[in-house]
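Student: Here's a structure for you.
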Amino acid sequence: MKIVINDATIVTSTGVFRKNLLIKDGRIVRIESVKIRSTNADCFIEDKNLLVFPGFIDMHVHLREPGYEYKEDIASGLKAAFNGGFVGVACMANTNPVNDNATVTNFIKCKADSLGLPVSVYPIAAITKGLMGENLVEMGELKEAGAVAFSDDGMPVSNADILRRAMEYADSFGMPVICHSEEPTLSKYGVMNEGRVSTLLGLKGIPKEAEILGIYKDLCIARLTNARVHIAHVSTKEGITLIRKAKKEGIKVTCETCPHYFTLTEEAMLGYNSYAKVNPPLRTEDDVEAIKQALADGTIDVIASDHAPHHKDEKEIEIDKAAFGMIGLETMVPLTLELVRQGVIDFKDMAEKLSRKPHQILGLKPPTIKVGEEAVLTIVNPTEEWLLNEENIASKSKNTPFLGARLVGKAKYIVKKGELFEI
Ligand code: DOR
């Protein structure tokens, strides 16, 4: 199979250049300044508008299978990932049964492989059995089965000694612990960020301190163990400050934020909008600005979606009973491109935060656009305008506050395993 991509802008973490590409049998064989003639190409693209990125990976996704297939299953989750332009996803362990043993990890991998979609799945195993925060999982067995990291995401590991052991063991296997940093005694019964809007709505708030204390504790244990840790879905200015300082100190910490934390504020909850109910909660303008600053200066390594599908019946109910979470796989590319348009980050940063860094954190080889390398690409039209509606969402669940939004930028193709897939 021969694929020619002429006239595109190639974006990597280190540079942006207009070139012409020839891919043959899955490898990049030519990158040239002159157009490549298409005579015997099986696939041919020539479009000046397109950006060719190394394949994107979303390192924080809830696929819900096994157990919650009414929200999402591996097939629908991977179709959503494909629709959003991802060549890979890492899926969280809060399934039923929990992914705390090799059988579940194997099941997820086998099921994903059997679908034949161009999206790889990298299971993240639980830190503790049943996400109960008490007994550590068998990390060696889980690594062997294909787990790439450990996380009790959705639940913090409250017991600091258990967290310490988890970091020590995971590190001995060369794997990161992904922390859901939250002090649950402060967040309990909370519905949204504690502040002006929660007061206005009469809803119980979750103070920022729930995240700040969580991050502080997780960083302290990371310092104690010298282990590699990754802080999930950072939402607060103060959390960012702690992570920035920890990085300077040499603590082996990386972190991510999600598009909703740099796009929306707590105001999105006005009107009791349960589609904006997410954990950690949407914060204030001040936090959004701090997150943008941290994306710009590299304190935030990764943008991940925290794709959290929930059924309509779990969202369209009293707001205090509604589930936390929103889908995000299919809005990540346009919302991240918005940051580029605002001048917060550039295309190179986008390649770094959606491809190179998340691959690296999970111990996976990042795709590179070089002659001789395997071609794993996400091809984006950054100016295409489209309307997000229930019909064009591939995910089984439609729980996003961006429904009805006019978005700019769309992933158009994926190149993987020697083939060009049109999205
Ligand atoms: O809003 C959220 N939803 N935050 C989490 O940490 C978990 C997730 C879920 O599983 O629904």
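The values are calculated or read from the model by the stated rules, or taken from the named source; none is laboratory data. The structure presented is a predicted model; accordingly, all values stated were derived computationally and were not measured. Ideal geometry is used to build each Cβ from the backbone, glycine not excepted, and the neighbour counts take in all protein chains shown. SASA here: full protein model, heavy atoms, side chains in, ligands and nucleic acids out. Shrake-Rupley method; radii C 1.70, N 1.55, O 1.52, S 1.80 Å.
Student: Let me know the Rg and Dmax you get for the chain when you use only its Cα atoms, in Å.
Tutor: Every Cα atom of the chain included, Rg and Dmax give 20.7, 67 Å.
Student: Assigning unit charges at the beta carbon (Lys, Arg +1; Asp, Glu -1) and nothing else, what dipole magnitude in debye, to the nearest 20, does the chain show about its Cα centre? Intermediate results must be reported in sequence, preceding the final value.
Tutor: Numbers: 51 positive and 58 negative charges, 245 e Å.
Charge dipole, the chain, about its Cα centre: 1180 debye, nearest 20.
Student: Leaving ligands, DNA and RNA out of it, report the carbon-plus-sulfur percent of the accessible area of the stretch 201-276 at a 1.4 Å probe.
Tutor: On the way: 1640 of 2790 Å².
Solvent-exposed carbon and sulfur of the stretch 201-276 make up 59 percent of the total.
Student: Another question, if that's okay. How large is the convex hull of the C-alpha atoms of the stretch 232-383 per residue, in Å³? Walk me through the intermediate numbers first.
Tutor: On the way: hull volume 21.4 nm³, N = 152.
For the stretch 232-383, the hull spanned by Cα atoms encloses 141 Å³ per residue.
Student: Okay, next question. With all pairs of different alpha carbon atoms counted, what Kirkwood hydrodynamic radius in Å does the stretch 277-319 show? Don't jump to the answer; show the numbers that get you there.
Tutor: Values: mean 1/r = 0.0783 Å⁻¹.
The Cα-based Kirkwood calculation yields 12.8 Å.
Student: Excluding residues fewer than 8 places away in the same chain, name every one of the lysines whose C-alpha is closer than 30 Å to that of Lys245.
Tutor: Hits, sequence-local ones excluded: Lys188, Lys208, Lys217, Lys237, Lys277, Lys292, Lys348, Lys353, Lys357, Lys365.
Student: To continue, here is another question. Evaluate the distance, in nm, between pseudo-label points positioned 7 Å from the Cα of Lys248 and of Glu318 along their respective Cα→Cβ axes.
Tutor: Those two pseudo-labels are separated by 4.7 nm.
Student: When the chain is fully extended, how far beyond the present Cα-Cα distance does Lys365 get from Asn49, taking 0.36 nm per residue of separation?
Tutor: Values: separation 316, 0.36 × 316 = 113.76 nm, distance 2.80 nm.
Here the answer is 111.0 nm.
Student: Then there's this: Rg and Dmax in Å for the stretch 181-235, alpha carbons only: what are they?
Tutor: In Å, with Rg to one decimal and Dmax whole: 13.5, 44.
Student: May I pose another question? What is the extension gain from Asp286 to Asn159, computed as 0.36 nm multiplied by their sequence separation minus the C-alpha to C-alpha distance, in nm to one decimal?
Tutor: Values: separation 127, 0.36 × 127 = 45.72 nm, distance 3.12 nm.
42.6 nm is the gain from fully extending Asp286 to Asn159.
Student: Search the structure for amide H atoms under 5 Å from the amide H of Ile231, placed 1.01 Å from N in the peptide plane, and list their residues when 5 or more places away or on another chain.
Tutor: Cys179, Thr254, Cys255, Glu256
Student: Which value, in Å to one decimal place, does the Kirkwood hydrodynamic radius take for the stretch 181-295 when every pair of different Cα atoms is included? Before the final figure, lay out the partial values.
Tutor: On the way: mean 1/r = 0.0697 Å⁻¹.
Every distinct Cα pair counted, the radius reaches 14.3 Å.
Student: Residue farthest toward the positive end of the dipole of the chain, with Cβ of Lys/Arg at +1 and Asp/Glu at -1: which of Gly343, Ala294, Ile5?
Tutor: Going by the charge dipole, the pick is Ile5.
Student: Over the stretch 256-335, give the accessible area per residue in Å² for a 1.4 Å probe, as an integer.
Tutor: Working: 2400 Å² over 80 residues.
So the stretch 256-335 comes to 30 Å² accessible per residue, rounded to a whole number.
Student: Under a point spin-label approximation (7 Å from Cα along Cα-to-Cβ), what is the Ser114-Thr39 distance to one decimal in nm?
Tutor: Using points 7 Å along Cα→Cβ, the separation is 4.6 nm.
Student: Quick check: with the 1.4 Å probe, what order do Ser355, Ser120 take by accessible area, largest first? Don't skip to the answer; put the middle values down first.
Tutor: Numbers: Ser355 0, Ser120 30 Å².
Correct descending sequence by accessible area is Ser120, Ser355.
Student: Could you give the nm distance between label points at Ala405 and Met1, where each point is 7 Å from its Cα heading toward the beta carbon?
Tutor: Label-label distance for Ala405 and Met1, simple model: 3.2 nm.
Student: Something else: Could you name the lysines whose alpha carbon sits less than 21 Å from that of Lys79, not counting residues in the same chain fewer than 8 places away?
Tutor: Result set, ordered by chain and number: Lys71, Lys109, Lys111, Lys312, Lys396, Lys398, Lys410, Lys412, Lys416, Lys417.
Student: Can you tell me the mean projection area, over all orientations, of the convex hull of the stretch 107-249's alpha carbons? Units nm², please. Please list the in-between numbers first.
Tutor: Working: hull surface 41.9 nm².
Approximately 10.5 nm², given one-decimal rounding.
Student: Let me ask another. Percent of accessible area on the stretch 283-400 owned by carbon and sulfur, 1.4 Å probe?
Tutor: Numbers: 2160 of 4370 Å².
Roughly 49 percent, rounded to a whole number.
Student: While we're on this one: Between Leu224 and Glu32, take the C-beta separation as r, use R0 = 45 Å, and let me know the FRET efficiency to the nearest 0.05.
Tutor: Numbers: r = 52 Å, r/R0 = 1.16.
Computed FRET efficiency for Leu224 and Glu32 comes out at 0.30.
Student: When the solvent-accessible surface of protein heavy atoms is calculated with a 1.4 angstrom probe, in what order do Arg406, Arg356 fall, highest first?
Tutor: Arg406, Arg356
Student: Let me have the relative contact order for the stretch 1-98, percent, based on Cα pairs under 8 Å that are six or more residues apart. Intermediate results must be reported in sequence, preceding the final value.
Tutor: Values: 173 pairs, mean separation 24.9, N = 98.
Worked out over the stretch 1-98, it gives 25 percent.
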